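Reviewing the structure listed below.
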Amino acid sequence: MHLLVAWLYMDWQKQATLEEALEHGLREEEYNGLVESLGRELSLLELGICSALFSEHCSYKSTKNHLRKLPTTGERVLIGPGENAGVMDIGDGDAVCFKVESHNSPTFIEPFQGAATGVGGILRDVFTMGARPLALMNSLRFGEKTNSKTKHLISGAVSGIGGYGNCMGIPTLGGELFFHKAYNGNCLVNAFALGLVRTDKIFKGLASGIGNSIIYVGSKTGRDGIHGATMSSNILGEDLDEKRPTVQVGDPFQEKLLLEACLEAMGTGSVIGIQDMGAAGLTSSAFEMADRAGTGVRMDLDKVPQRETNMNPYELMLSESQERMLLVVESGREQEIYDIVQYWDLDAVKIGEVIESENVELYWEGKLACSMPVKTVTQNVPVYDWPIKEPDNFNERNNFNVLTLKEPSDLSSTWLKLVGSINLCSRAPVYEQYDSSVRSNSTIFPGGDAGVIKIKPNESFSLGDRSVPLDANINGITKGVAVTIDNNSIYCSINPKLGTINTVAESYRNLTAVGATPIGISDCLNFGSPENPEVMWEIAKSLEGLGEAASALNTPIISGNVSLYN
């Protein structure tokens, strides 16, 4: 893919071609379906929008049929899959909001920023729901230690994770690290965040209420991260330097301001809906919020705050610049938001409004630049049932019997090799780079079976000359929340179904080992190309095992992420 050619961004009004659609990652049948649905050809701007929302990263088009079979409901579930993060009731009017997501390809291309913005993105998913983030975790996979890229990748990724989380003041309570030659071609970086919210103050990404204002809040938009979602939906090749601009650049200090501004704004009661401008940027937030609410949206793109000169609608809609939010605010109450956001030294600009329409209408310098039906872009994405084939060597792998191994002649030497091996040695050099005690709520730190954080009664945070309540636990009860993140990659490689069942069971044991009752799951599924029948078999079997284990242990899956083409 060569999406970063200069002319591509300049001539955004030109009619797109099939060749350009293929360069954008669309399949020929997808492009033809869009043309047929719209009854006309697409402009380059429309092609960019559609390619982002049709990407595997945004649409889950290769796994949706399998994901629908997972157990996602339960007596504690307040918000399940489909929103920015899941929410579960923990009693006394309190709820925990959590999610895990991958940032694999960006980290492989640019390890520090790729991993850092993975942390930033998952935090925004949580506080978009109205929750104050309380804890972070991460799960990392790198290639062999002899691989020339491994040292560079792990050093950059760990620094990026620690730098972002530490600057935000969010403790990292746990994680895992694994090395294997299978990850020489692309590392895996999965980031988890957990937050706390009152059950009556949960927010959703809805563009509701005809005439309500759409307000852009946060950092200015730049050219970084354009087509990041599309890039993450393809196999990485040798052209990594060409794809470096698709990786976002994060600023945790800006995100800290954005966090406080958003929570304070939501506390006014004027915010109707809110969504992070994450993958696919302004495109995903506008179309997805309209889709959930069944409304239309009008936006004036030239009003979007910009940090670079001569940006055009294509760039503004596809940029994945970090630390930005889209708010739908009750008409007439915009000034309340402006005052709050100005206090936190961020941009707040009305760029549009909710309209009585089925379209997202984009204007540029007063002229209509694009008008597309919301459902054409969000609900007409093809859902694929790729062929499935059991690997030829599956029985050979599955029938391996550890009891056939001979006992080592020197057990002492073997023991030393085990405790010193790269996959069993201490992870302290990694997790000591993360602040795990900030805010003094951490009870069990990295290195244990699970991390535990306490929720103190009537807690508040002093923010400058303001005192903003945590909005948690007003009943004077101190609680603890336990979190763990686990996987055994080797087990899943030998037998995807049983390996995944084992992963859920291991997580369950780790939580019960610290005295916690497991209540819910967020999954992060990392696989290769679904177009390979043997890989698609692994995906299907893993999801089958995930569903069976979650059902048997009565732990619903309330959020998650699928990352393919790794």
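Can you find a residue in the stretch 85-95 that is touching a Ser or Thr at 6+ places or on another chain (Cβ under 7 Å), assigned to a loop (DSSP other than H, G, I, E, B) and modelled with pLDDT of 95 or more? Looking for residues that are touching a Ser or Thr at 6+ places or on another chain (Cβ under 7 Å), assigned to a loop (DSSP other than H, G, I, E, B) and modelled with pLDDT of 95 or more, one finds at least one in the stretch 85-95, hence yes.
All conditions but one from (1) closer than 30 Å to Gly114 by Cα; (2) out of contact with any Leu (no Cβ under 8 Å at 6 or more places or on another chain) apply to Asp339; the one that does not is (1). So which residues in the stretch 288-321 are in contact with a Ser or Thr (Cβ under 6 Å, 6 or more places away or on another chain), open to solvent by 10 Å² or more (accessible area, probe 1.4 Å) and under 14 Å from Lys220 (Cβ atoms)? Within the stretch 288-321, just Gln306 meets the criteria. Scanning the stretch 321-352 for residues that are farther than 19 Å from Leu206 by Cα and of a type outside the set (Asp, Glu) yields Ser321, Gln322, Gln335, Tyr338, Ile340, Val341, Gln342, Tyr343, Trp344, Leu346. Listed by first and then second residue, the pairs linking a residue in the stretch 522-547 that is free of Cβ contacts under 8 Å to residues at least 12 places away in the same chain and closer than 13 Å to Pro496 by Cβ to a residue that is surrounded by fewer than 20 Cβ atoms within 10 Å (Cβ to Cβ) and of a type outside the set (Asp, Glu), with Cβ atoms under 8 Å apart and 6 or more places separating them unless they lie on different chains, are Val535/Gly528; Val535/Ser529. Look at Val377 and say whether it is open to solvent by less than 40 Å² (accessible area, probe 1.4 Å), closer than 20 Å to Gly278 by Cβ and in contact with a helix residue (DSSP H, G or I) (Cβ under 9 Å, 6 or more places away or on another chain). In short, yes.
For the structure I just gave you, tell me whether Pro382 is at pLDDT 95 or above, in contact with a helix residue (DSSP H, G or I) (Cβ under 9 Å, 6 or more places away or on another chain) and farther than 30 Å from Gly211 by Cα. It is false that Pro382 is at pLDDT 95 or above, in contact with a helix residue (DSSP H, G or I) (Cβ under 9 Å, 6 or more places away or on another chain) and farther than 30 Å from Gly211 by Cα. Applying the selection to the stretch 169-194, what residues are part of a helix (DSSP H, G or I) and surrounded by 20 or more Cβ atoms within 10 Å (Cβ to Cβ)? Residue satisfying the conditions is Tyr183 alone.
Scanning the stretch 13-45 for residues that are part of a helix (DSSP H, G or I) and open to solvent by 50 Å² or more (accessible area, probe 1.4 Å) gives Leu18, Glu19, Leu22, Glu23, Glu28, Glu29, Asn32, Glu36, Ser37.
Beta carbons closer than 8 Å, at least 6 apart along the sequence or on distinct chains, pair a first residue in the stretch 259-277 that is under 21 Å from Lys220 (Cβ atoms) with a second that is in a helix (DSSP H, G or I) and among the basic types (Lys, Arg) for Asp276/Arg124.
When the residues of the stretch 344-367 are narrowed to those that are open to solvent by 80 Å² or more (accessible area, probe 1.4 Å) and in contact with a strand residue (DSSP E or B) (Cβ under 8 Å, 6 or more places away or on another chain), which ends up nearest to Gly332 (Cα to Cα)? Only one residue fits best here, namely Glu356. Going residue by residue through the stretch 57-66, is there one that turns out to be outside any loop (DSSP other than H, G, I, E, B) and either over 24 Å from the mean Cα position of the chain (by Cα) or over 17 Å from Tyr565 (Cβ atoms) (or both)? Yes, the stretch 57-66 contains a residue that is outside any loop (DSSP other than H, G, I, E, B) and either over 24 Å from the mean Cα position of the chain (by Cα) or over 17 Å from Tyr565 (Cβ atoms) (or both). Ile274 fulfils the conditions (1) in a strand (DSSP E or B); (2) open to solvent by 10 Å² or more (accessible area, probe 1.4 Å) except for a single criterion, (2).
Looking across the stretch 210-225, the residues that are open to solvent by less than 30 Å² (accessible area, probe 1.4 Å), within 30 Å of Gly294 (Cα to Cα) and either over 22 Å from the mean Cα position of the chain (by Cα) or not small (Gly, Ala, Ser) (or both) come down to Gly211, Asn212, Ser213, Ile214, Ile215, Tyr216, Val217, Thr221. Here Gln254 qualifies as open to solvent by 10 Å² or more (accessible area, probe 1.4 Å), within 26 Å of Phe108 (Cα to Cα) and at pLDDT 95 or above. Assessment of the stretch 67-81 against the conditions (closer than 30 Å to Ala135 by Cα, modelled with pLDDT of 95 or more and assigned to a helix (DSSP H, G or I)) yields at least one matching residue.
Taken over the stretch 70-126, the residue count meeting the criterion of being basic (Lys, Arg) and surrounded by fewer than 24 Cβ atoms within 10 Å (Cβ to Cβ) is 1. Tell me yes or no: at least one residue of the stretch 179-199 is touching a helix residue (DSSP H, G or I) at 6+ places or on another chain (Cβ under 7 Å), more than 15 Å from Ala135 (Cβ to Cβ), modelled with pLDDT of 95 or more and β-branched (Val, Ile, Thr). Yes: one or more hits.
Within this structure, Cys58 passes the test of being open to solvent by 10 Å² or more (accessible area, probe 1.4 Å), in contact (Cβ under 8 Å) with a residue 40 or more places away in the chain and hydrophobic (A, V, I, L, M, F, W, C). Looking only at the stretch 130-168, residues that are more than 19 Å from Leu258 (Cβ to Cβ), open to solvent by 10 Å² or more (accessible area, probe 1.4 Å) and assigned to a loop (DSSP other than H, G, I, E, B) come to 6 in all. Residue check: is Phe127 closer than 27 Å to Glu538 by Cβ, in contact (Cβ under 8 Å) with a residue 60 or more places away in the chain and not acidic (Asp, Glu)? It is false that Phe127 is closer than 27 Å to Glu538 by Cβ, in contact (Cβ under 8 Å) with a residue 60 or more places away in the chain and not acidic (Asp, Glu).
Within the stretch 489-515, residues that are more than 14 Å from Leu525 (Cβ to Cβ) and acidic (Asp, Glu) sit with their Cβ atoms under 8 Å from residues that are open to solvent by less than 50 Å² (accessible area, probe 1.4 Å) and at pLDDT 95 or above, at 6+ positions apart or across chains, in these pairs: Glu506/Asp486.
Within the stretch 376-398, residues that are within 30 Å of Ser55 (Cα to Cα) reach partners that are open to solvent by 40 Å² or more (accessible area, probe 1.4 Å) and polar (S, T, N, Q) with beta carbons closer than 9 Å, at six or more positions or on different chains, in the pairs Thr376/Ser37; Asn380/Ser37; Val383/Asn65; Tyr384/Asn65; Asp385/Asn65; Trp386/Asn532; Lys389/Asn532.
Going through (1) closer than 26 Å to Gly448 by Cα; (2) open to solvent by 100 Å² or more (accessible area, probe 1.4 Å) one by one, Leu418 falls short only on (2).
Is it the case that Thr150 is among the polar types (S, T, N, Q), farther than 24 Å from Val481 by Cβ and touching a strand residue (DSSP E or B) at 6+ places or on another chain (Cβ under 8 Å)? Judged against the criteria, Thr150 is a match. Here Ala472 meets the list (1) under 26 Å from Ser442 (Cα atoms); (2) modelled with pLDDT of 95 or more; (3) crowded, with 21+ Cβ neighbours inside 10 Å almost entirely, failing just condition (2).
The values are calculated or read from the model by the stated rules, or taken from the named source; none is laboratory data. All values reported here derive from a predicted model rather than from experimental measurement. Cβ: placed from backbone, ideal geometry, glycine included. Neighbour counts: every protein chain shown. For the accessible areas, the whole protein counts, side chains as well, though only heavy atoms, and no ligand, DNA or RNA atoms are used. Shrake-Rupley method; radii C 1.70, N 1.55, O 1.52, S 1.80 Å.
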